[in-house]
Amino acid sequence: MAGVALTPAAAADHGRGFTAIWGASAHAPSDAFGPSWGPTGFENHTLRQVVRLNGGGPALRIRLSNTHGTRPLEVTGATIARTDAGAAVKPGSVRHLSFRGDRSVVVPAGAEAVSDVAAFPVAPLSKLTVTLYLAAPTGPATGHAFASATSYRAVGDHRSAVGGEAFTETSESWFFLSGVEAVDTSPRRDTVVAFGDSITDGTLSTVNADNRYPDELAERLRGRKNVVNAGIGGNRVLNDSSCFGERGTARFARDVLAQPDVRTVIVLEGINDIGFPAFEHPCTVPTTRVTAAELIAGHRELIRQAHAKGVRIIGATLLPCKGAAYFTPEGEATRDALNEWIRTSGEYDAVVDLDRALADPADPDRMLPAYDSGDALHPGDAGYRAMAEAIDLSLL
């Protein structure tokens with residue numbers, strides 16, 4: 001895993017006999033867009049997070065990330081349970097996790113850890129509640145800012161709680177939890193990774209409704225293949241960001257190729273490279289304008305990395321964005337040039353033309369109003385569904 005250390009347990013069996021059934025790409029914490037638990041972290045807190053599994057299996061384990069931590073992360077204990085409503089879980093379903101036989105684990109700064117396997121059967125499209133008790137100060141918390149899902153926090157140790165009454169604080173981010181993996185019972189590689197920015201991440205989809213386009217794709221596949229979301233809001237192909245994660249070409253190895261059982265990746269990224277030069281903000285530095293040729297070179301690097309690992313890679317054209325806050329005629333020319341290369345170069349193994357699927361026929365540079373969330377950049381729930389429906393499942 002490029003740039004990420006693994007604890008000995010994680011290094012020993014990473015990817016062997018497992019398949020990824022949920023994921024969230026980790027990045028450094030930031031409060032640039034409002035108050036967040038991330039920069040300060042946790043101390044004597046129980047953190048409860050609900051995830052919708054886009055695959056299933058007879059037993060599972062979780063993956064924890066301290067990739068961007070500044071100190072060792074001490075997890076005093078962790079449980080999994082079947083989700084009820086809000087922070088509550090189904091009675092009788094709470095299961096304590098272990099890490100190399102111990103209920104606690106220390107994850108070094110810059111590293112990941114995986115739990116031991118728990119005999120906990122899960123079905124595709126079911127919800128899982130993961131609870132972490134963090135007794136010691138964690139420092140800045142590695143996480144995923146734009147979860148489009150509610151996480152819950154309580155003071156003290158409530159890892160075994162069935163009811164949600166103690167969890168009086170909420171956030172729409174995930175922290176530390178970066179993956180759920182099931183024991184793999186299939187002889188095939190079955191995981192599809194959706195890689196990209198906020199449009200893959202599901203920004204402005206309905207919170208807690210699991211209407212991101214990778215979720216909608218998982219619903220179409222219904223367990224025939226697993227889907228992992230590796231989108232990060234604000235992410236770029238060519239440049240790192242203090243808020244929006246490492247550049248796509250740098251994080252691709254960790255967030256895509258290191259996923260156990262990965263067979264196919266769908267790449268939808270580049271619109272922030274084009275648009276961010278219109279903004280002056282610490283999160284968008286550097287704001288140097290990029291050319292279509294530079295973006296194409298970045299996409300070629302992603303293709304090279306995927307093919308070197310025997311992973312099929314599908315290119316998705318960038319969505320129309322006329323009317324968006326960072327739309328410019330110059331940027332539109334770059335988007336058009338990149339999309340034309342994706343469509344016609346033959347360098348991707350296959351192409352999904354999301355640009356044409358979501359365009360307004362009356363003005364093809366603009367998203368169809370029925371698909372638009374309202375900002376002319378991000379789809380709403382109907383748009384994310386249309387994206388998933390535009391993907392020919394035989395390509396996967």
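Here is a yes/no grid of residues against (1) crowded, with 16+ Cβ neighbours inside 10 Å; (2) of a type in the set (Val, Ile, Thr); (3) within 19 Å of ASN272 (Cβ to Cβ):
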| site | (1), (2), (3) |
| --- | --- |
| ILE314 | yes, yes, no |
| LEU319 | yes, no, yes |
| ASP349 | yes, no, no |
| HIS378 | yes, no, yes |
| LEU396 | yes, no, no |
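How many residues are farther than 16 Å from ALA258 by Cβ and modelled with pLDDT of 95 or more when one looks only at region 1-27?
Within region 1-27, residues that are farther than 16 Å from ALA258 by Cβ and modelled with pLDDT of 95 or more number 0.
If you go through region 331-365 one residue at a time, how many are under 12 Å from LEU318 (Cα atoms), β-branched (Val, Ile, Thr), free of Cβ contacts under 8 Å to residues at least 60 places away in the same chain and assigned to a helix (DSSP H, G or I)?
Within region 331-365, residues that are under 12 Å from LEU318 (Cα atoms), β-branched (Val, Ile, Thr), free of Cβ contacts under 8 Å to residues at least 60 places away in the same chain and assigned to a helix (DSSP H, G or I) number 1.
Of all the residues that make up region 111-139, how many are in contact with a His (Cβ under 9 Å, 6 or more places away or on another chain) and either of a type in the set (A, V, I, L, M, F, W, C) or at pLDDT below 95 (or both)?
The number of residues fulfilling the criteria is 5.
For region 98-111, state whether one or more residues are buried (at least 20 other Cβ atoms within 10 Å of the Cβ) and of a type in the set (D, E, K, R).
Within region 98-111 (the criterion being buried (at least 20 other Cβ atoms within 10 Å of the Cβ) and of a type in the set (D, E, K, R)), the answer is no, since none of the residues qualifies.
Only one residue in LEU368, LEU354, LEU393 is within 30 Å of ASP190 (Cβ to Cβ) and touching a strand residue (DSSP E or B) at 6+ places or on another chain (Cβ under 8 Å), so which one is that?
Values: LEU368 fails: within 30 Å of ASP190 (Cβ to Cβ); LEU393 fails: touching a strand residue (DSSP E or B) at 6+ places or on another chain (Cβ under 8 Å).
Among LEU368, LEU354, LEU393, only LEU354 is within 30 Å of ASP190 (Cβ to Cβ) and touching a strand residue (DSSP E or B) at 6+ places or on another chain (Cβ under 8 Å).
Looking at (1) in contact with a Ser or Thr (Cβ under 7 Å, 6 or more places away or on another chain); (2) among the hydrophobic types (A, V, I, L, M, F, W, C); (3) closer than 20 Å to LEU204 by Cα, which is the only condition PHE244 fails?
Every condition holds for PHE244 apart from (1).
Hey, GLU216 hits all of (1) without any contact (Cβ under 8 Å) to a residue 12 or more places away in the chain; (2) in contact with a Phe, Trp or Tyr (Cβ under 8 Å, 6 or more places away or on another chain) but one; which does it fall short on?
Checking GLU216 against (1) without any contact (Cβ under 8 Å) to a residue 12 or more places away in the chain; (2) in contact with a Phe, Trp or Tyr (Cβ under 8 Å, 6 or more places away or on another chain), the one that fails is (1).
If you check ARG236 against the conditions, is it crowded, with 24+ Cβ neighbours inside 10 Å and assigned to a loop (DSSP other than H, G, I, E, B)?
For ARG236, the condition - crowded, with 24+ Cβ neighbours inside 10 Å and assigned to a loop (DSSP other than H, G, I, E, B) - is met.
Being out of contact with any Leu (no Cβ under 9 Å at 6 or more places or on another chain), modelled with pLDDT of 95 or more and not β-branched (Val, Ile, Thr) is the requirement here; does ASP261 meet it?
So ASP261 does not fit the description; no.
Does SER160 satisfy being in a loop (DSSP other than H, G, I, E, B), touching a residue at least 12 places away in the same chain (Cβ under 8 Å) and out of contact with any strand residue (DSSP E or B) (no Cβ under 7 Å at 6 or more places or on another chain)?
It is false that SER160 is in a loop (DSSP other than H, G, I, E, B), touching a residue at least 12 places away in the same chain (Cβ under 8 Å) and out of contact with any strand residue (DSSP E or B) (no Cβ under 7 Å at 6 or more places or on another chain).
Going residue by residue through region 75-82, is there one that turns out to be out of contact with any Lys or Arg (no Cβ under 9 Å at 6 or more places or on another chain), part of a loop (DSSP other than H, G, I, E, B) and modelled with pLDDT of 95 or more?
The answer is no, given that none of the residues of region 75-82 is out of contact with any Lys or Arg (no Cβ under 9 Å at 6 or more places or on another chain), part of a loop (DSSP other than H, G, I, E, B) and modelled with pLDDT of 95 or more.
Scan region 36-51 and give yes if some residue there is touching a helix residue (DSSP H, G or I) at 6+ places or on another chain (Cβ under 9 Å) and either under 18 Å from LEU257 (Cβ atoms) or modelled with pLDDT under 95 (or both), otherwise no.
no
The values are calculated or read from the model by the stated rules, or taken from the named source; none is laboratory data. All of these numbers come straight from a predicted model, not from anything done at the bench. Ideal geometry is used to build each Cβ from the backbone, glycine not excepted, and the neighbour counts take in all protein chains shown.
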